[in-house]
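Take a look at the structure set out below.
The values are calculated or read from the model by the stated rules, or taken from the named source; none is laboratory data. In this text, all values refer to a predicted model and were calculated from it rather than measured experimentally. Cβ placement follows ideal geometry from the backbone for every residue including glycine, while neighbour counts extend to all protein chains displayed. Surface accessibility is based on the protein's heavy atoms, side chains included, excluding ligands, DNA and RNA. Shrake-Rupley method; radii C 1.70, N 1.55, O 1.52, S 1.80 Å.
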Number of protein chains: 2
Amino acid sequence: MKYIIVGGVAGGATTAARLRRVDEEAEIIMCEKGPHISYANCGLPYYIGGVIKERDKLLVQTPESFGSRFNIDVRIHTEVKDIDATNKKVKIYNSRTGETYYETYNKLVLSPGASPMRPPIPGIDSPNIFTLRNVQDTDRIKAFVDDNEPHSAIVIGAGFIGLEMAENLHRRGVKVTVVEAAEQVMNMMDPEMAAQLHQHFKEMEVALYLDDAVKEFTPDGHQLKVSLGSGKKLKADFVILSIGVKPDTRLAQKAGIETGERGGIIVNEYLETSVKDIYAVGDGIEFPHPVTGKPSLAFLAGPANKQGRILADNMVYGNLRKYQGSIGTAIAKVFDKTAGITGLSDKALEAAGLPYQSTIVNAGSHAGYYPGAMQMVLKVSFHPETGRLYGGQVVGYKGVDKRLDMLAAVIKKGGDIYDLQELEHAYAPPFSSAKDPVNQAGFNAENIIKGLFKPLSPYKFHSREKENTFVLDVRTPEEFQLDHLDDATNIEVDSIRDNLDRIPKDKKIYIYCGVGLRGYVAARILRQKGFNEVYNLSGGLKVCKDAIA
Amino acid sequence: MKYIIVGGVAGGATTAARLRRVDEEAEIIMCEKGPHISYANCGLPYYIGGVIKERDKLLVQTPESFGSRFNIDVRIHTEVKDIDATNKKVKIYNSRTGETYYETYNKLVLSPGASPMRPPIPGIDSPNIFTLRNVQDTDRIKAFVDDNEPHSAIVIGAGFIGLEMAENLHRRGVKVTVVEAAEQVMNMMDPEMAAQLHQHFKEMEVALYLDDAVKEFTPDGHQLKVSLGSGKKLKADFVILSIGVKPDTRLAQKAGIETGERGGIIVNEYLETSVKDIYAVGDGIEFPHPVTGKPSLAFLAGPANKQGRILADNMVYGNLRKYQGSIGTAIAKVFDKTAGITGLSDKALEAAGLPYQSTIVNAGSHAGYYPGAMQMVLKVSFHPETGRLYGGQVVGYKGVDKRLDMLAAVIKKGGDIYDLQELEHAYAPPFSSAKDPVNQAGFNAENIIKGLFKPLSPYKFHSREKENTFVLDVRTPEEFQLDHLDDATNIEVDSIRDNLDRIPKDKKIYIYCGVGLRGYVAARILRQKGFNEVYNLSGGLKVCKDAIA
Ligand SMILES: Cc1cc2nc3c(=O)[nH]c(=O)nc-3n(C[C@H](O)[C@H](O)[C@H](O)COP(=O)(O)OP(=O)(O)OC[C@H]3O[C@@H](n4cnc5c(N)ncnc54)[C@H](O)[C@@H]3O)c2cc1C
Ligand SMILES: Cc1cc2nc3c(=O)[nH]c(=O)nc-3n(C[C@H](O)[C@H](O)[C@H](O)COP(=O)(O)OP(=O)(O)OC[C@H]3O[C@@H](n4cnc5c(N)ncnc54)[C@H](O)[C@@H]3O)c2cc1C
Ligand SMILES: CC(C)(COP(=O)(O)OP(=O)(O)OC[C@H]1O[C@@H](n2cnc3c(N)ncnc32)[C@H](O)[C@@H]1OP(=O)(O)O)[C@@H](O)C(=O)NCCC(=O)NCCS
Ligand SMILES: CC(C)(COP(=O)(O)OP(=O)(O)OC[C@H]1O[C@@H](n2cnc3c(N)ncnc32)[C@H](O)[C@@H]1OP(=O)(O)O)[C@@H](O)C(=O)NCCC(=O)NCCS
């Protein structure tokens, strides 16, 4: 059996390695158009930032090491230019020798990845504008920073890679400005969750321009002028363009392989493309989202690796294993904070037309009485009746990754908020609380489904009609004194039962507290004491203040 | 509706709080025989060790704060002495006033917890022998350490609490010796996993006596002499006895409530005892294990809290919610290491008579190229054909809690090793690898089920018959030179294909490498090159050395 693999990194190399482990006799040729295979894409920003010190560490395998361990014919500088599916052969171009040749295959695997978007903005071809996808891009950016010791950079696009680059350039002493066309960073997250990062950027003295798109780049001496849609003009020594990537489908499209509405190569659950004996994995593919069932893309290393292994097995043993799709679990360290998402945000649920409800829980990374606990904000989105878990978002300092993993485990299996309650986590004081934040989110969500309380998002809370609402601050008088909403009345939760007469029955009651818990307890008392329109501010005052800041 | 709750800590107080939130009008009396409610049992060792500095932090709620927030009649120093189930009343004793009185109930909840075992060893009543269960015990031990500045302590029993006490006393400058009757610490774990802690104790200069039980305590001046079964005699300023706890069923048994073979109060899935309108939660109950179906105990705060909430709802809304049982997820920080288990160990599977297979994976806490990654050892046990996941054990420095939580999520839902593969974890270099250690364990387990390689436990590897086995070290010559097994031949994995003639076909091939991965790759090559009896050392050389040390 002769396999040709196009692309030698996450999806391609993993397919090759597993293929060899299950079929020692196969002929495996892996073509990579660049000079490197098996590199740590995800580590590239950290190498630029000097966190990862040795360039060698980025190269998980070299063509030589990989070739000898797995007896694979690794060809670098080797681009697959065309596919002749009828005759099962590919046209190959070696950019070093200039040579073009043909190679036949029995099975062909495409793992071409994705390419950074470079829209036709005037001036986009200026030399000081960089994108980051591979080791060569990394070398270019790193050399620029090392050689020129630039003072300032503008990062355009505040997705995961943009934010990682902002942090890493900041670490190099570069004054960083982030420009984002959306109203928030990390656009896959909901705004009140992303807003917590906005605050953190301020703390880190990274300027943030939101809701503002680049209109033009103009060289200005050795610098670049960046003109924004709002009319603002920024200037910096260089620009990182990280406004997203798109599946690299050029080769596939030329060969008549079907691509989809999201722009990826369409594969079925066995990772077969529309053309017989041609398969695809990685950033290039389009596949139904496990929650929405709609075509979706996932630019993630975990899925690419896992697909590679499934595909290798299916090619060798027959189609025994189905790929289940990616729920888009993603995480980024952003300076001292960490933010991530798994499954769908409210925004995405809205767009998909699915009915949903959501809630925010504020909880400690571990037991409050054990030193070092840090607050985290955890949002879950779920079906308003069945409680099926649709998505989770977490922002905090510590233990964010763990909660995302727990949420992802439930979402991936089609579980619900009751499953969140039942998660039997490992608890000792340094690690969690007797009820983990994810359990609390499950409890909280059940309370909403059962109608025990009505949650209110920070934005709805903020845009309240002042005449018809009674705003109730249930924190202690000391907390109230430090800081409160203008129209709030303070009745501490523990004395509400004795002060019911101070609360009007003909208005909506909007309760808030620090994080949402005391507000919930207060809401329960009022609901049972005959107050019907009682709402509790989701996530409490801190989340709200960040959200509307 | 009038509720009486017996016990005011994890199970009891949580039941009370939830009861109030769902029924504002109920009468709720919570009786606690001690002077404190709602204390952080799990934090007690850390307060003694000075990690938690303020005693107040241990008291999550006081009778006053709890009473006023939840409008609950909290009675401390108040022991429920007898239950008259026919007339639905209890006999109550106030240890402060000496008063005895009766109180009727509609529903009675038992959350009496468990009591430390104190076997009738001669001398066990010496004043310097302490057990640790509640705040009073804590005050006693802390005062002893503060006042006497003792030089030495013997901790008897190396379960979670024993080990936490060892660490915390060590932190106080006390020279600690740990004595354990079993052959290993943390007896719920498998020996090769626990063995990694044995090594760590040596590094921390904590003496460890295993497989040795205490026979006698003899006062010796202000010290205590501890005589062991082996004849060894130890001496120390004081002793912490932490050899386990048993459900506190005295009250229940007097009332004719059924207890089970494991010694706990039997409850059904609605947490009802055998007597109508009497319910039980917490350490006191016995419930079928979700994996074995056999009666089991769980001395864990998470389950106690979660049961309390389920029970409150069932009492108010009717039996709508089933308790699903605990898989015994537990974790402890042990000096710089962390160790934990979820589900069943091989030992427990053996005892339960379930067919099982297991494997050990050694993996980094996050991507190796990002600084700070630490190795962890992760063991999974599963059904040898279906792959149903039975248990997981993890020992390491970082990220142990996270992997236990991911494993627990799968075990709790009756999932299998393929679910482990599919876990879509949050990956960026500071948090994990593209394939998380739990994914790797899933892959590895599948390979075993499919017969792709045969794993060998460190003990089986160690007790090999030297004549019939060819031991193959597939690490680099440099690694081999530093340290290898006496009877090993070194052929690096990458050159095996060229050295097949050096490997005998008529012997069992026992392969080892550093952590198990290269050994597996080598095993695959040999298997496909016609070698049939090929075994790979599970977890590699390091785990093996610790296990047999
Ligand atoms: C800076 C950065 C940070 C990232 N961080 C994370 C992270 O933290 N977490 C995460 O999950 N994911 C992260 N990712 C995404 C992750 O790297 C990708 O999802 C993953 O690499 C996709 O694998 P792939 O095989 O599809 O594509 P790639 O790994 O990009 O490999 C595709 C390869 O195919 C080659 N190729 C394309 N066409 C041809 C052709 N015709 N002939 C020969 N070769 C060809 C390309 O040169 C390329 O090397 C990051 C990506 C980048 C760029
Ligand atoms: C030192 C220590 C460390 C621990 N660490 C952890 C950990 O890290 N993780 C973890 O998950 N678990 C840990 N635990 C276990 C956890 O604390 C228990 O599982 C949990 O507290 C059990 O809850 P419970 O309500 O059943 O019992 P408890 O919390 O013990 O409460 C029972 C209460 O009932 C009272 N009582 C008993 N009988 C009567 C009566 N007749 N009348 C009135 N009152 C009565 C007792 O005085 C006691 O206060 C630890 C326990 C200890 C002691
Ligand atoms: C380097 C690369 C080719 C390795 O691929 P791989 O060999 O499939 O992956 P790993 O090295 O993690 O090894 C996994 C295999 O080892 C096995 N394994 C892992 N730990 C093991 C252990 N302790 N004992 C035995 N086997 C083990 C797994 O079961 C798996 O084998 P299988 O797939 O046959 O079941 C590929 O990961 C790669 O190119 N990575 C860099 C690119 C990339 O992923 N970038 C994005 C992230 S930055
Ligand atoms: C103190 C104690 C009585 C509190 O019990 P509790 O009120 O049920 O628990 P919490 O304070 O965690 O609050 C949980 C409730 O708040 C809700 N909640 C949590 N975070 C919330 C948020 N941000 N917004 C709204 N509601 C929130 C949960 O839904 C849950 O309510 P529910 O059970 O009605 O659904 C009990 O935990 C206790 O006694 N603890 C100490 C003893 C112990 O557990 N020891 C062992 C561990 S050391």
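Among residues belonging to segment A:29-40 that are of a type outside the set (Ser, Thr, Tyr) and buried (at least 23 other Cβ atoms within 10 Å of the Cβ), point out the one that is nearest to ligand 3 (Cβ to nearest atom). If you could, list the steps in order and put the result at the bottom.
In the first step, residues of segment A:29-40 are kept if they are of a type outside the set (Ser, Thr, Tyr); the result is A:29-37, A:40.
Right, trim to buried (at least 23 other Cβ atoms within 10 Å of the Cβ) and you get A:30-32, A:37, A:40.
Numbers: A:Met30: 10, A:Cys31: 14, A:Glu32: 11, A:Ile37: 7, A:Ala40: 4 Å.
Here the residue is A:Ala40.
Within segment B:493-531, the set of residues being more than 16 Å from ligand 3 (Cβ to nearest atom), among the acidic types (Asp, Glu) and within 14 Å of another protein chain (Cβ to nearest Cβ) comprises B:Asp498 only.
Assess whether A:Gly67 counts as being within 31 Å of the chain's Cα centre (by Cα) and open to solvent by less than 30 Å² (accessible area, probe 1.4 Å). Spelling it out, it is not the case that A:Gly67 is within 31 Å of the chain's Cα centre (by Cα) and open to solvent by less than 30 Å² (accessible area, probe 1.4 Å). A:Lys88 meets all of the listed conditions (1) in contact (Cβ under 8 Å) with a residue 24 or more places away in the chain; (2) farther than 21 Å from A:Glu286 by Cα; (3) open to solvent by less than 40 Å² (accessible area, probe 1.4 Å) but one, namely (3).
Against the test of being crowded, with 24+ Cβ neighbours inside 10 Å, more than 16 Å from ligand 3 (Cβ to nearest atom), of a type outside the set (Gly, Ala, Ser) and modelled with pLDDT of 95 or more, the options B:Gln324, B:Gln307 yield a single qualifying residue, B:Gln307.
Among the residues of segment A:1-28, the one identified as more than 8 Å from ligand 3 (Cβ to nearest atom), of a type in the set (D, E, K, R) and in a helix (DSSP H, G or I) is A:Arg20. Only one entry of B:Lys53, B:Lys57 meets the criterion of being surrounded by fewer than 23 Cβ atoms within 10 Å (Cβ to Cβ), outside any helix (DSSP H, G or I) and more than 9 Å from ligand 4 (Cβ to nearest atom), and that entry is B:Lys53. Residues considered: B:Tyr427, B:Tyr370. Of these, the only one that is out of contact with any Asp or Glu (no Cβ under 6 Å at 6 or more places or on another chain), more than 21 Å from B:Val543 (Cβ to Cβ), of a type in the set (Ser, Thr, Tyr) and free of Cβ contacts under 8 Å to residues at least 24 places away in the same chain is B:Tyr427.
Here B:Pro371, B:Pro355 are screened, and the one residue that is open to solvent by 40 Å² or more (accessible area, probe 1.4 Å) and more than 9 Å from every other protein chain (Cβ to nearest Cβ) is B:Pro355. Of all residues in segment A:440-472 being open to solvent by less than 60 Å² (accessible area, probe 1.4 Å), more than 18 Å from A:Phe382 (Cβ to Cβ) and among the aromatic types (Phe, Trp, Tyr), which is farthest from ligand 2 (Cβ to nearest atom)? Filtering first and then ranking leaves A:Phe470.
Taken together, the residues in segment B:412-430 that are touching a Gly at 6+ places or on another chain (Cβ under 7 Å) and more than 8 Å from chain A (Cβ to nearest Cβ) amount to 4.
Of all residues in segment A:305-327, those that are within 8 Å of another protein chain (Cβ to nearest Cβ) and not hydrophobic (A, V, I, L, M, F, W, C) total 5.
Taking A:Thr97 as the residue in question, decide whether it is more than 11 Å from chain B (Cβ to nearest Cβ), assigned to a helix (DSSP H, G or I) and β-branched (Val, Ile, Thr). Let's see the steps before the verdict.
Numbers: more than 11 Å from chain B (Cβ to nearest Cβ): yes; assigned to a helix (DSSP H, G or I): no; β-branched (Val, Ile, Thr): yes.
In short, no.
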